[in-house]
Amino acid sequence: MINCLIIDDEPFARELLQGYIAQMPGLHLVASCEHVFEALEVLQQQRIDLLFSDINMPQVNGLEFIRSLHNPPYVIFVTASPHHALEGYELDALDYVVKPVSFPRFMKAVNKALAVVGSRPAAPVAAAPQFLFVKEGHSLRRVLFEEIYYIEGMKDYIRIVLKNQMIITYLRMSRVEDQLPPSRFIRIQKSYIVRLDAIRAISGNEVELYDLPEKLPVGKQHKEPLLAQFGL
């Protein structure tokens, strides 16, 4: 069984591909995603063999997303624009399908995938990622967990503070918290998530961090879980 993932910001396009995949034996749809950040979470958590990706999407387009992945799955681009076909094939895409997509054209693309993906040896289970991807400008940046001191939430944006740099990106705190391992990060207040081994001291309702001058507030409901991490 080939595990599939759809990325397309158009609901109708996702529904069409979902219906086509349901009619094809040998394909299993793992998830259907509206944007690349949602898809990235799926890729980090499950094995995906085949990706059906649109190209023209807000924030990060499909080509940029595939380029950002260290070990991407096989890709079939499904797009309204015929102008990126060369770039798609340069990324070793199995096929480049122009919308509107008929079922016979979809079958042709999938048959290519079945021949290629089905002959590939089963991949070992991937180790848990030690990084997250965030949008920076017009590209995706990989940020290692060990580089992060803390993350501050600012409505629909977050500020990721590194030793000598900060990154501000459009992402909700709840979404980034889901991507961080609880063994390494803890929320100390509604607006702050801190890397545990970056904490130098806990003083009253504040934490001090190594290498950084600022002190961060600790919320009342977060104080006890924070102390428990250090056996206090």
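The values are calculated or read from the model by the stated rules, or taken from the named source; none is laboratory data. Keep in mind the model is a prediction, meaning the values are calculated, not measured. When we count neighbours, we look across all protein chains shown, and the Cβ atoms used for this are built from the backbone with ideal geometry, even at glycine. Keep in mind that these areas ignore ligands, DNA and RNA; they rest on the heavy atoms of the full protein, side chains included. Shrake-Rupley method; radii C 1.70, N 1.55, O 1.52, S 1.80 Å.
A few points about this structure:
- Computed over the chain: relative contact order in percent, which uses C-alpha pairs under 8 Å that are six or more apart: 12 percent
- Correct choice for percent of Cα pairs over 32 Å apart that was computed from the model, options (1) 18; (2) 9; (3) 32: (3)
- When DSSP beta bridges are restricted to pairs lying wholly in the range 17-153, around 45% turn out antiparallel.
- Over 24 Å apart at the Cα level, from the set K135/K215; K190/K215; K155/K215; K99/K135, are K135/K215; K99/K135.
- Secondary-structure-derived ellipticity at 222 nm for the chain, considering helices only, amounts to -8500 deg cm²/dmol, per-run term -39500 (n - 2.57) for DSSP H runs with n ≥ 4.
- Amide H contacts under 5 Å for E136, placed H, 5+ residues apart: R141
- Rounded Å value of the spacing that divides the Cα centres of the range 149-194 and the range 206-231: 14 Å
- Counting only DSSP beta bridges whose two residues both lie in the chain, roughly 60 percent are antiparallel.
- Take the range 1-109 with all the other protein chains still there, run a 1.4 Å probe, and you get 46 Å² of accessible area per residue.
- Accessible surface of the range 112-232, 1.4 Å probe: 52 percent of it comes from carbon and sulfur atoms.
- Put simply, when 168-181, 26-39 are sorted by average Cβ atoms within 10 angstrom per residue, most first, you get 26-39, 168-181.
- Distant-in-sequence amide H partners of I2 (H built 1.01 Å from N, under 5 Å): L27, H28
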